[in-house]
Structures are given as structure tokens and as C-alpha cells.
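The values are calculated or read from the model by the stated rules, or taken from the named source; none is laboratory data. From a predicted model like this one, the values you see are computed outputs, not experimental measurements. For neighbour counting, all protein chains shown are included, and Cβ atoms are generated from backbone atoms with ideal geometry for every residue, glycine included.
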Amino acid sequence: MVKTALFETLIESAVDNGDGTLTFTLEGKSYIIKDTLEISRIAQDHEYIIIY
């Protein structure tokens, strides 16, 4: 199965933690990140094709 996601939509789903980090959740797994660019790597690890 091919999974695609818009990068902008993924970024919008990240929640600001108020301490300089974001919580990004994908497929039920949460990640604490410092930079939104980490979202691309996480999505690719989940075998998503990112549309920029």
C-alpha cells in the first residue's frame, strides 16, 4: 500500500509543548522533536511518500 502525506498537513498536526519542542504523532506513535524538518524523516521511516 502506498502512503502519501502533504508536508504542510504533517507540520500542522505538530503540537507546541511550550518548551521549544513539538509533539508529533503519526500512526499512533508520538515523537518529541525540536525542528519541523524532523517530521520528514519520521514520515519516511513510516514509509510515507512526502508531497512538498
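Out of all the residues in segment 2-16, is one or more touching a His at 6+ places or on another chain (Cβ under 9 Å), of a type outside the set (A, V, I, L, M, F, W, C) and surrounded by 10 or more Cβ atoms within 10 Å (Cβ to Cβ)?
Within segment 2-16, one or more residues are touching a His at 6+ places or on another chain (Cβ under 9 Å), of a type outside the set (A, V, I, L, M, F, W, C) and surrounded by 10 or more Cβ atoms within 10 Å (Cβ to Cβ).
Under 6 Å between Cβ atoms, which residue pairs at least 6 apart in sequence (or on different chains) link something in segment 25-41 that is free of Cβ contacts under 8 Å to residues at least 12 places away in the same chain with a partner that is outside any loop (DSSP other than H, G, I, E, B)?
Final answer for the pair search is Ser30/Thr23; Tyr31/Phe24; Tyr31/Ile42.
Which numbered condition trips up Thr36, out of (1) exposed (fewer than 13 other Cβ atoms within 10 Å of the Cβ); (2) modelled with pLDDT under 95?
(1)
Being part of a helix (DSSP H, G or I) and among the aliphatic types (A, V, I, L, M) is the requirement here; does Ile50 meet it?
So Ile50 does not fit the description; no.
For segment 1-22, enumerate the residues that are over 15 Å from Glu38 (Cβ atoms) and either among the hydroxyl-bearing types (Ser, Thr, Tyr) or in a strand (DSSP E or B) (or both).
Lys3, Thr4, Leu6, Thr9
Which residues, counting only those in segment 20-38, are closer than 15 Å to Ala5 by Cα and polar (S, T, N, Q)?
Of everything in segment 20-38, those that are closer than 15 Å to Ala5 by Cα and polar (S, T, N, Q) turn out to be Thr25, Thr36.
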